[in-house]
Amino acid sequence: MKILVCISQVPDTSTKIILKDNNTAISSDGVTYIINPYDEWYALIRALELKETGVATDVHLITVGKADVEPIIRKGLALGGDEAIRIDAAPNDAYETANYIAEYAKSVGYDLILCGKESIDYNNGTTGVMIAELLDVDYIGFATSIQIEGNIATVNREIEGGEETDTCNLPVVIACQKGVAEARIPNMRGIMAARTRPLKVVTPTAVAPVASILSYEMPPAKAGIKLVDPDNMDELVELLHSEAKVI
Amino acid sequence: MSVLVLVEHTEGIIKKKSFEAVQYASHIAKQNGATVTAVVLGNAQSSEIEGLGAYGAQKVLYVADARLDELHARAYAKALIVAAQKEDSKIIIALHDINGRAVAPRVAVKLKAGLVAGALSYPDTEKGFVIKKAVFSGKAFAFVNILSDAKVITLMPNSFQLNKAEGKATVEKLDVSFDEKDFGIKVKQVNKVSGEVSLADAELVVSGGRGMKGPENWGLIEDLAKELGAATACSRPVADSHWRPHHEHVGQTGGTIRPNLYIAVGISGAIQHLAGVNGSKTIVVINKDPEAPFFKAANYGVVGDAMEVLPKLTAAVKKYKETHK
Amino acid sequence: MNTTESVKAIKGGEFLIRETAAESIFIPEEWNEEQLMIAETCTNFLAQNVTPNLNRIDEQEEGLMAHLMEEAGNLGLLGISVPEEYGGFGKDFKTAMLVTEKLGAGHSFSVAFSAHTGIGTLPILYYGNDAQKQKYIPKLASGEWKGAYCLTEPGAGSDANSGKARAKLSADGKYYLITGQKMWITNAGFADIFTVFAKIDNDENLSAFIVEKDFEGLSLNTEEHKMGIKGSSTRQVFFNDCKVPVENLLSERQNGFKIAVNILNLGRIKLGGGTVGASKDVISLAVKYANEREQFGRPISKYGAIRYKLAQQAIRTYASEAAIYRASQNMEEATDMLVESGMDSIKAKLKGTEQYAIEAAIIKVHASETLDYVVDEGVQIYGGMGFSAEAPMDRAYRDSRINRIFEGTNEINRMLTVDMMLKRAMKGELDLMGPAQKVAGELMSIPDFNAGEEDGLFTKEKKYIAGFKKAVLMVAGGAVQKLMAQLGKEQEVLMNLADMLIELYVSESLQLRVEKLVGIKGEEATKEQLDIMRVYISEAAERILKSGKEALNSFAEGDELRMMLMGLRRFTKTEDFNTTQARRNIAAKLIAENKYCF
């Protein structure tokens, strides 16, 4: 069974966002880039587990980006994986990304495609669904556990107000969140192997953009906090009702 | 020309956030001289369906197939495409929730349409079709311009005040022929967390952190939540230590919520936690450490021991409810 | 690291008499991608396994430290320097230093780790025969077995060779029977393998033995109650006719002291790495606290008194670090050159390291004293909470103190620094006489005011450092001339000279580091590092002056004294500038980044 893991590069969680170029771009000065945590901790690790238990034969990592994303691809390879693919492009949005990945996936033929539930930079969560649509397969999002037996995927997923257990035939696209696997620290063997595992660069068929970001804006500064005496909770309730109007 | 809206219901009752989606669609429709067509899939109560008119829908198309009471994204997408073709819809609205997020991107692909996921504003048509959404887990906002002819939007719930008006919608049956593969995902088991408000859609949330000292103290949080009619949440260390179930974890690598009121008890306010809750309208922080960073992100703060403050606050809420019946 | 003929690294100790080209040194800003991944694994390991458990570790929860060592072993961290044929990763020395640095923030774990990978493993790795290496090294590298090292005794600390532990051959000639008492043995509570030093019969010098914990006659005392690193197992180990198979004699009889000294060279520079890692961690905590704690309506990071401390912490740490990686690279290059010339790799490693034993001793002193400064001001910045066991500074403060004591006390290391310099000079390996005489000659002549000198970014600092070298040569030359054989007994003078050498070496290393960095990143992006360099060198000049004066006043007199004092002042003169503003700049960057960021 072949698994494709979609990983994307994002700024690390403690990055301060600074706008530049008249608010049309995000500054990358001093920014540390990481693999999107949902992709790394859940999707990639689960794929590796499936290989370690003999369920999968191949685990491939795929990213869409220019050469500057290769360091994080190698970080992924340091955790494991048989090969990585970089689709050489700078996509404007998920539609393009999904098309590039689907094109490649179709050319190889994967039984399972895993990704994170969303990326922490754009918080869309749309790429995985679009890949599924382009490949005409099912998609299960917000997965909290994944079991594969033969041709069947059994997936626990989050639903409103609880959880649901679904089954579905392979091939399928599954977007992962907490519960699917536990994050790992790359070990020395993996780090040294990362250099030797193949990293293919593929040129995609161009896709006309359907959306693009025009500009950014920082949130307004928060008005000063109002402190309330702990012995005066009546005042707090009153404020929440009449001032904040939330109760 | 019609703006299409996917409407969601639970056991026949239309979700409040779906009214928000219809209202949102109505605003856009007025901008473009179009009508609003709501699409209801599965068995919603007819009284509920009629109520959609009050939020701006001129027409409701319903697909009576009971299988659609559960999310089957390929079937939903198919139904929306059929409806879009019928109504000549170029703009499709869904909610940015679990269901909407599984369906809207499929529709976008089918229509080769640009998709804005998590809209916070109405489209600005001056520079194109520009919609605001949150990025970097709420640390910034982006203005996304949809370039394609067809446009798909998922609306962030609780972003606009809901205003009920007058209006009636005509209700029409929609026939869609489905394939087996549209129902390829089989539901084996459903575990709903009983009797409590769902965290994702809750308007009021009470959340606890390590300052609560241990799971045995959570009764105080639950009491306040019950009195307020709020959902409960927690910070990452609490979930990692298994004091609370992991679906309660809100933060950068947990859930993102945007309630009207978020009460954070014994949570210091690390950036990663804030990322999950910075969309809240009002934040109240209760912490015994006056230096806790969370106070900088809060609207109201109480410096005090959670064990003492919580019962007092619960009592105050109770008193307030009794005197304001 | 490629070095052309013109920028070949200088030999150990030569920093006193020769210049070094900035391009020839290694600076931490040059780590490659793989090294950074390894560093991240170390940091993540601490964050996940050690930092959340510091209290449990300090309480010596049963089995916890051994378990952590095994987890580190699973990640491959215990085998960084072990050759691949024994199950390790055979990485270069700088990478091993980086690992030590990153794990340096691990408090008691860091000590257990260093003891295991250093003194616990290297004696066998470097001096073992094939059978011994095959038997012990793979399991030490994987963490299945844990290592410890028994040299110190209740009566033999600094004077290690005076140890009373004895070994005698059994009647049947199959065993050595070791009797003795070893003290302050790190990891003893859970170690499987001990490298034990004892004298065979009436030998003058120590021999070394590999002792397994289950050998008959080995027992442990209870855990010592210590000021700090409470989580590190520290016990006395008793040997009562402990039966050690003769095959477990390590290296030749009476080679023990040499083994100990060579392993110590590595241990000293590694200690430097570990303490720099700890310093960075403490500084980050201090900055964060200062940014959050408000008094009089503002975060205390806005106050000058706090900014001064933050800047000083960073300045000293950045300087220590410059020296450490410069010397690490020197050791690595020297080793590589010897291997290229045909020497056996282990012998080359020992010789290459020994080359820079002086630098290693300097680094040990400077870095451990830097950490003590950093934790002391760290407590101060935390104020009342600095004194509380609920906040991290208490542990940092207590855990730091041992670094000035073990691996050779700082006093011993200071004296060794001078001793080794002079010994090499006497052996003709280091020409101190010539340069010292040149300086003496300069004292007589009129100072050259360097009119029309090229005014580069580093011209001033290079001039100052050249002056520092002259100051040291002058005072050392004078001391040798005046005191001759008695110099060895004048410890105060040795300490003065050592302090001058330390400040010189660190100043130069820092200057070279910043010069190389500016070459890579440009002046705009390195303003704070330039400030760090300038402030440190200006302070170093004053310290060199003070030490020099003290030494001169103790052995020189009359006109000679007057002349040398004048020379000393001339050689340590630096231009005044606004050091307060420079420190403010450095502090501002730390505060903006909310962590150690240099």
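The values are calculated or read from the model by the stated rules, or taken from the named source; none is laboratory data. Note that the coordinates shown come from a computational prediction; the quantities given were computed from them, not determined experimentally. Here the Cβ positions follow ideal geometry from the backbone for every residue, glycine too, while neighbour counts run over all protein chains shown.
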Of the residues that make up segment B:157-175, is at least one farther than 22 Å from residue A:158 by Cβ, at the interface with another protein chain (Cβ under 10 Å from one of its Cβ atoms) and buried (at least 21 other Cβ atoms within 10 Å of the Cβ)? no
Residue C:577 fails exactly one of the following numbered conditions: (1) surrounded by fewer than 20 Cβ atoms within 10 Å (Cβ to Cβ); (2) under 21 Å from residue C:276 (Cα atoms); (3) of a type in the set (A, V, I, L, M, F, W, C). What is the number of that condition? (2)
Please state which of the following conditions residue B:109 fails to meet, knowing it meets all the rest: (1) assigned to a helix (DSSP H, G or I); (2) free of Cβ contacts under 8 Å to residues at least 12 places away in the same chain; (3) more than 7 Å from chain A (Cβ to nearest Cβ). (3)
Those residues that are more than 14 Å from every other protein chain (Cβ to nearest Cβ) and either in a helix (DSSP H, G or I) or β-branched (Val, Ile, Thr) (or both), I need them from segment C:57-76; list them, please. C:57, C:58, C:64, C:65, C:66, C:67, C:69
Taking residue C:140, is it in a helix (DSSP H, G or I), modelled with pLDDT of 95 or more, touching a strand residue (DSSP E or B) at 6+ places or on another chain (Cβ under 8 Å) and not polar (S, T, N, Q)? yes
Can you tell me which residue within segment A:220-236, out of those that are within 7 Å of another protein chain (Cβ to nearest Cβ), without any contact (Cβ under 8 Å) to a residue 12 or more places away in the chain and within 20 Å of residue B:294 (Cβ to Cβ), is surrounded by the fewest Cβ atoms within 10 Å (Cβ to Cβ)? A:222
Scope segment C:148-185; condition crowded, with 19+ Cβ neighbours inside 10 Å and basic (Lys, Arg); matching residues: C:182
When segment A:64-106 is checked residue by residue, the ones that are of a type in the set (Gly, Ala, Ser), over 26 Å from residue A:186 (Cβ atoms) and within 14 Å of another protein chain (Cβ to nearest Cβ) are A:94, A:98, A:102
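Residues checked against (1) modelled with pLDDT of 95 or more; (2) surrounded by fewer than 18 Cβ atoms within 10 Å (Cβ to Cβ); (3) within 14 Å of chain C (Cβ to nearest Cβ):
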position: A:146; (1), (2), (3): yes, no, no
position: A:158; (1), (2), (3): no, no, no
position: A:162; (1), (2), (3): no, yes, no
position: A:175; (1), (2), (3): yes, no, no
position: A:198; (1), (2), (3): yes, yes, no
position: A:246; (1), (2), (3): no, no, no
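Rundown of residues vs (1) under 27 Å from residue C:43 (Cβ atoms); (2) surrounded by 18 or more Cβ atoms within 10 Å (Cβ to Cβ), yes/no style:
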| residue | (1), (2) |
| --- | --- |
| C:253 | no, no |
| C:260 | no, yes |
| C:269 | yes, yes |
| C:272 | yes, yes |
| C:277 | yes, yes |
| C:280 | yes, yes |
| C:299 | yes, no |
| C:310 | yes, yes |
Among B:180, B:248, the single one that is within 28 Å of residue B:321 (Cα to Cα) and either more than 9 Å from chain A (Cβ to nearest Cβ) or not small (Gly, Ala, Ser) (or both) is B:248
If we keep just the residues of segment B:23-49 that are in contact (Cβ under 8 Å) with a residue 40 or more places away in the chain and touching a Phe, Trp or Tyr at 6+ places or on another chain (Cβ under 6 Å), which is farthest from residue B:80 (Cα to Cα)? B:27
Residue B:306 under 27 Å from residue B:97 (Cβ atoms) and either more than 7 Å from chain A (Cβ to nearest Cβ) or at pLDDT below 95 (or both): no
Selection from segment C:186-227 of residues that are assigned to a loop (DSSP other than H, G, I, E, B) and buried (at least 24 other Cβ atoms within 10 Å of the Cβ): C:187, C:188, C:191, C:206
Scan (1) over 17 Å from residue C:65 (Cβ atoms); (2) hydroxyl-bearing (Ser, Thr, Tyr); (3) touching a residue at least 60 places away in the same chain (Cβ under 8 Å) for the single condition residue C:186 breaks and write down its number. (1)
Just the residues that are surrounded by fewer than 17 Cβ atoms within 10 Å (Cβ to Cβ) and either at the interface with chain A (Cβ under 10 Å from one of its Cβ atoms) or within 22 Å of residue B:259 (Cα to Cα) (or both), please, taken from segment B:197-221. B:198, B:210, B:219
If I filter segment B:36-56 for residues that are surrounded by 15 or more Cβ atoms within 10 Å (Cβ to Cβ), in a strand (DSSP E or B) and among the polar types (S, T, N, Q), do I get at least one hit? yes
Give the residue that is farthest from residue C:94 (Cα to Cα), with candidates limited to residues of segment C:334-359 that are under 17 Å from the mean Cα position of the chain (by Cα) and part of a helix (DSSP H, G or I). C:358
Inside segment C:77-136, can you point out the residues that are assigned to a helix (DSSP H, G or I), away from chain A (no Cβ under 14 Å), among the small types (Gly, Ala, Ser) and under 28 Å from residue C:257 (Cβ atoms)? C:110, C:112, C:114, C:115, C:131
Within segment B:104-145, take every residue that is of a type in the set (Val, Ile, Thr) and farther than 18 Å from residue A:125 by Cβ and give me the one that is farthest from the chain's Cα centre (by Cα). B:125
